[in-house]
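Taking it in order: structure first as structure tokens, then the write-up.
The values are calculated or read from the model by the stated rules, or taken from the named source; none is laboratory data. Note that this is a predicted model, so its numbers are computed, not measured. When we count neighbours, we look across all protein chains shown, and the Cβ atoms used for this are built from the backbone with ideal geometry, even at glycine. For accessibility, only protein heavy atoms count, side chains too; no ligands or nucleic acids. Shrake-Rupley method; radii C 1.70, N 1.55, O 1.52, S 1.80 Å.
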Amino acid sequence: MMDNIWFTSALWIALALASALISIRIALSVALIEIMMGALGGNIIGMPLTPWINYLAGFGAILLTFLAGAEVDMAVVRRNLGASLGIGFVSFLLPYIGCMLAARYLLGWPWPQAQIAGISLSTTSVAVVYAVMVETGLNKTELGKIILAACFITDLGTVLALGIVFASFTIWLLAFAAATIVVVMMLPKVGPWFFALVGQRVSEPEIKFLLLILFALGGFATAVGSEAVLPAYLIGMALAPAFQHDPELPHRMRVIAFAVLTPFYFLKAGSLIEAKALIAGAGLIALFLGMKMATKFVGILPLTRYYRFDKREGMYTTLLMSTGLTFGSISALYGLTNHIIDQEQYTVLLTSVIASAVVPTVIAQTWFLPKIASAKQEV
Amino acid sequence: MFKLIVVANDGSVGGFKALALACDIAKRAGTALHMISVEVLPNMPASIDEVIEAKTDENHKFHDVLAKARDIAKKKGVKLDAEVVAGHAVSAIVAYVKAHKADLLVVGFMGHSALYERIIGGTADRLVRLAPCPVLVVK
């Protein structure tokens, strides 16, 4: 029956719909529920991956990364350049090195596999941080803006690492880098000009124009052994100021992405979790989570002191920056799809990433909420 | 007997029943009355837009809840201080009650399935356990 693409589609969309309903009911991220649903589906009923499912999932990952790049508030990054660059870079580098070395020397993973472990666990979830800051009102303070800007820098580090580490260093890589730089420099002017020229139409020429750039550069990236999410994030960043001025276009793209594309990505990511590897790898999951949090602490906590955060705010900031979800899962899935890591290693890494979305947030919210917690909301 | 009564209102039928009774008690006792409502944002979201969307929905909902609550209090002749915060309902309400040293917390009862009650427990149930003051659950 699974040879019938419509029945297969119905199964995947049924799981996506169930995830959306559960997410609304319990106010937990739909992405997290989709990963869990995928894991249940993959282990209980089996969810074979077909080329078209892989295509939709890959498309979803590219759009997700593009939209994450488009959320970067460049004005905030520029205004707090020193602190955000310092905290953000260290927040990427130390977990990357720490988790990579742990995988290499404690677990004996070969270097490429250890690299995937380092990259997957170097991330910070901007969205998790943002949600917590809205609750506490921190998003309106200078401290909150520095934290948010630092998260963008961390994500940029992760995306750059994923795009560069496994690339083949040939003349074509230079050509790809040059093409990406030219597009990124031209888009802030060409993009808004084109959007104004064609206007908002049902045929969505604006979205098609952006998809053309994303696919072309994604293809270029893949051809040189890099990863399509790298140009996607950079293009998103280049268009972020235009999107902040006119949020309607990214909103329409999000609707498309979250309705039909990202469910395939997150369900696929979950379906590849192996239940028996999850049980056998519980110790490794704890090790990677512990290493990620420990290296984030070593890197970020002293910097929060340097930038004169008080103790509680420093702990809170460090814990929030230890979270991760989307880019961690993209990195782990990249490793599995490109046969760099096996399914057991993928299970361990993805579960560590999920744990890093939950554990630091709960600790931060329970014990280190800054004094301005539960800020009064304007409704 | 009471100096400050806090009523928690999530905009449900039970929440407004709690408000109506809290208004009556506050009027008879000549007590100050505060209302707290909690916007619930998604936990562990995948994108900032997910948060903004949820926040916008909650803002619209609680804009109407505040207007209706003020209208009810006005009709009952009670001054109502209303506040909306964002976060987890139970912890935000308990924190508010502690911060304002309230003498009584009034909450509405919302029935869940037996399974939900057994595994997670109702909001009112957890407030009864965690609030530092007497809690009146209105059915």
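What the table below lists for this structure:
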{"read-out": "Options A:GLY314, A:GLY328: the member that is modelled with pLDDT under 85, among the small types (Gly, Ala, Ser), at negative phi and not in a loop (DSSP other than H, G, I, E, B)", "value": "A:GLY314"}
{"read-out": "Among (1) loosely packed, with under 14 Cβ neighbours inside 10 Å; (2) free of Cβ contacts under 8 Å to residues at least 40 places away in the same chain; (3) in a helix (DSSP H, G or I); (4) more than 14 Å from chain B (Cβ to nearest Cβ), the one test that A:TRP52 misses", "value": "(2)"}
{"read-out": "First in region A:289-306 and touching a residue at least 60 places away in the same chain (Cβ under 8 Å) and under 13 Å from A:LEU94 (Cα atoms), second anywhere and open to solvent by 50 Å² or more (accessible area, probe 1.4 Å) and β-branched (Val, Ile, Thr), Cβ under 8 Å, 6 or more apart", "value": "A:MET293/A:VAL359; A:THR295/A:ILE97"}
{"read-out": "Only listed residue being closer than 28 Å to A:ALA150 by Cα and not polar (S, T, N, Q), chosen from A:ALA10, A:ALA68", "value": "A:ALA68"}
{"read-out": "Region A:309-345, subset among the polar types (S, T, N, Q) and either surrounded by 22 or more Cβ atoms within 10 Å (Cβ to Cβ) or within 14 Å of chain B (Cβ to nearest Cβ) (or both), residue nearest to the chain's Cα centre (by Cα)", "value": "A:THR326"}
{"read-out": "Listing of strands (runs of 3 or more DSSP E) fully contained in region B:1-98 that carry 1 or more residues being modelled with pLDDT under 90, open to solvent by less than 60 Å² (accessible area, probe 1.4 Å) and in contact with a Leu (Cβ under 8 Å, 6 or more places away or on another chain)", "value": "B:80-86"}
{"read-out": "Selection from region B:122-133 of residues that are in contact with an Asp or Glu (Cβ under 9 Å, 6 or more places away or on another chain) and under 13 Å from B:VAL7 (Cβ atoms)", "value": "B:CYS133"}
{"read-out": "Subset of region A:180-200 (residues that are under 25 Å from A:ILE119 (Cα atoms) and open to solvent by 30 Å² or more (accessible area, probe 1.4 Å))", "value": "A:ILE181, A:VAL184"}
{"read-out": "Top-ranked residue in region A:346-364 [being more than 14 Å from A:SER329 (Cβ to Cβ) and open to solvent by less than 20 Å² (accessible area, probe 1.4 Å); ranked as modelled with the highest pLDDT]", "value": "A:PRO360"}
{"read-out": "Pick from region A:32-49, criterion small (Gly, Ala, Ser) and part of a helix (DSSP H, G or I), ranking: farthest from A:GLY219 (Cα to Cα)", "value": "A:GLY41"}
{"read-out": "A:ALA68 being touching a residue at least 60 places away in the same chain (Cβ under 8 Å), within 22 Å of A:VAL132 (Cα to Cα) and either of a type in the set (Gly, Ala, Ser) or within 14 Å of another protein chain (Cβ to nearest Cβ) (or both)", "value": "yes"}
{"read-out": "Residue match in region A:235-245 (condition: without any contact (Cβ under 8 Å) to a residue 24 or more places away in the chain and surrounded by 14 or more Cβ atoms within 10 Å (Cβ to Cβ))", "value": "no"}
{"read-out": "Selection status of A:ALA83, closer than 22 Å to A:VAL229 by Cβ, touching a residue at least 40 places away in the same chain (Cβ under 8 Å) and of a type outside the set (Lys, Arg)", "value": "no"}
{"read-out": "Conditions (1) more than 10 Å from chain A (Cβ to nearest Cβ); (2) on the phi > 0 side of the Ramachandran plot: number failed by B:GLY87", "value": "(1)"}
{"read-out": "Positions within region B:42-79 being touching a Lys or Arg at 6+ places or on another chain (Cβ under 6 Å) and aliphatic (A, V, I, L, M), in sequence order", "value": "B:VAL78"}
{"read-out": "Residue within region A:132-147 that is within 17 Å of the chain's Cα centre (by Cα) and away from chain B (no Cβ under 12 Å) present", "value": "yes"}
{"read-out": "Residue in region A:154-170 that is crowded, with 24+ Cβ neighbours inside 10 Å, at pLDDT 95 or above and part of a helix (DSSP H, G or I) present", "value": "no"}
{"read-out": "Odd one out for A:CYS99, checked against (1) open to solvent by 10 Å² or more (accessible area, probe 1.4 Å); (2) in contact with a Gly (Cβ under 7 Å, 6 or more places away or on another chain); (3) away from chain B (no Cβ under 14 Å)", "value": "(1)"}
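Table: residues versus (1) in contact with a strand residue (DSSP E or B) (Cβ under 6 Å, 6 or more places away or on another chain); (2) within 8 Å of chain A (Cβ to nearest Cβ); (3) farther than 30 Å from A:SER125 by Cα.
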residue	(1), (2), (3)
B:GLY11	no, no, yes
B:ALA20	no, no, yes
B:CYS23	no, no, yes
B:ASN43	yes, yes, no
B:ASP64	no, no, yes
B:ALA69	yes, no, yes
B:GLY77	no, no, yes
B:ASP81	yes, no, yes
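Listed here are the residues, each with its yes/no results for (1) under 28 Å from A:GLN115 (Cα atoms); (2) under 17 Å from the mean Cα position of the chain (by Cα); (3) of a type outside the set (A, V, I, L, M).
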| residue | (1), (2), (3) |
| --- | --- |
| A:ILE5 | no, no, no |
| A:THR8 | no, no, yes |
| A:VAL30 | no, yes, no |
| A:PHE59 | yes, yes, yes |
| A:ILE62 | yes, yes, no |
| A:ALA75 | no, no, no |
| A:SER91 | yes, yes, yes |
| A:LEU101 | yes, no, no |
